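Q: Sharing a structure here in structure tokens format.
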Amino acid sequence: VTPMDKGVSVKKNLVVIAPREEGATYTLSGYFKGQVVSKTKNTVIKLQNAYLENGSGSAALYGEAKFELSPVSGSTNYIVSSGSSKEKTGAVQCRKDIVLGGSGTLYVVGNVFHGMKGDDVKIKGSGLHYLQGTKNGAALSCESLTVEPEKTFRAYFLNGKNGIKADSEITVASGTFYLYNNETALKTDKKKDAPAEPHAITLRGGTFYTKGNETLYSTEKNAYTVLDAKIIEE
């Protein structure tokens with residue numbers, strides 16, 4: 001972990017990053033088996049050829065507050081969870097929001113339930129991301145997914161019950177998506193959580209490559225759905 005300042009504590013299987021001020025930046029590199037916890041809002045976690053692995057059924061990277069995950073240009077990084085849990089955990093998980101950015105390569109492999117799990121998730125930057133879930137979970141599970149215009153990342157959502165599962169909404173204006181081998185590629189569903197709240201799938205931009213999915217999208221009856229993006233069945 002760089003810098004190794006007073007905001008960082010390291011134990012055998014646990015790294016805690018808790019700077020006093022918001023917006024601090026830390027870089028993770030090398031191999032670590034256990035869990036990395038980010039406690040302070042708006043911390044930026046950069047990855048420089050990092051391999052984080054947790055075999056206990058819990059997240060390998062866990063956020064107690066909103067954080068940004070940013071693989072560095074030219075680096076290849078892995079965040080992997082395995083084992084068993086009664087909780088619907090993700091390899092990357094946050095109680096609040098997640099921003100996924102950067103310009104490097106990131107593999108998120110959730111062998112327990114979800115690949116990545118957060119509240120409101122935004123994707124930006126120019127990186128290459130691979131998110132893998134399970135047949136019981138999603139590659140990405142969230143309250144909402146937002147991608148703003150002019151983002152150039154490429155992101156794979158693989159091998160899940162859902163590729164992208166958002167309780168509230170999926171709103172995409174740019175980026176390149178690969179939705180492969182999921183039961184349902186895109187899903188919103190508020191029925192069980194808060195039936196009175198709005199939910200929608202709105203694809204006004206970006207390119208979506210699909211292959212091996214049973215269903216492209218699924219949402220509640222009468223939900224707002226716009227599929228103006230380029231969708232290519234491979």
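Rule-based calculations on the coordinates, nothing more; no lab input. Source: prediction; values computed, not measured. Because the Cβ atoms are built from the backbone with ideal geometry, glycine has one as well, and the counts that use them run over all protein chains shown.
Q: Please list the equivalent ellipsoid semi-axes of the chain, computed as the square roots of five times the alpha-carbon gyration tensor eigenvalues, in descending order and whole angstrom. Kindly include the intermediate steps, with their values, before the conclusion.
A: Details: eigenvalues 164, 65, 56 Å².
Rounded to whole Å, the semi-axes are 29, 18, 17.
Q: Here's something else I'd like to know. Report, in debye and to the nearest 20, how large the dipole of the stretch 101-210 comes out about its Cα centre when Lys and Arg carry +1 and Asp and Glu carry -1 on their Cβ.
A: Rounded to the nearest 20 debye, it is 280 debye.
Q: Can you give me the distance in nm between label points at L227 and V10, each placed 7 Å from the Cα along the Cα-to-Cβ direction?
A: Taking the simple label geometry, L227 and V10 are separated by 5.0 nm.
Q: Under the Kirkwood approximation for Rh and a Cα-based Rg, what ratio Rg/Rh is obtained for the stretch 51-118?
A: Rg divided by Rh gives 0.97.
Q: Does the stretch 145-234 come out rounded, prolate or oblate, given a ≥ b ≥ c as the square roots of the eigenvalues of its C-alpha gyration tensor, rounded meaning a/c under 1.5 and, failing that, prolate meaning a/b above b/c?
A: On the way: a/c = 1.93, a/b = 1.29, b/c = 1.50.
The shape class here is oblate.
Q: Please sort 139-148, 175-184 by packing, taking for each peptide the average over its residues of neighbouring beta carbons within 10 angstrom, highest first.
A: Numbers: 139-148: 23.4, 175-184: 21.3.
Taking the mean over residues of other Cβ atoms within 10 Å, the ranking is 139-148, 175-184.
Q: With N denoting the number of residues in the stretch 1-45, provide Rg(C-alpha) divided by 2.2 N^0.38 Å, to two decimal places.
A: Values: Rg = 9.9 Å, N = 45, 2.2 N^0.38 = 9.3 Å.
It is 1.06.
Q: Continuing with this model, one more query. Classify the stretch 81-127 from the C-alpha gyration tensor, please: rounded if a/c falls under 1.5, else prolate or oblate depending on whether a/b exceeds b/c.
A: Values: a/c = 4.18, a/b = 1.60, b/c = 2.61.
It comes out oblate by the Cα gyration axes.
Q: Would you work out the charge dipole size for the chain about its Cα centre, treating the Cβ of every Lys and Arg as +1 and the Cβ of every Asp and Glu as -1, and quote it to the nearest 20 debye? Each step should come with its number before you reach the end.
A: Numbers: 29 positive and 24 negative charges, 119 e Å.
The calculation lands at about 580 debye.
Q: To continue, here is another question. Rounded, prolate or oblate: which fits the stretch 1-131, taking a ≥ b ≥ c as square roots of the Cα gyration tensor eigenvalues, rounded meaning a/c under 1.5, else prolate when a/b beats b/c?
A: On the way: a/c = 1.28, a/b = 1.11, b/c = 1.15.
Rounded, because the longest to shortest axis ratio a/c is under 1.5.
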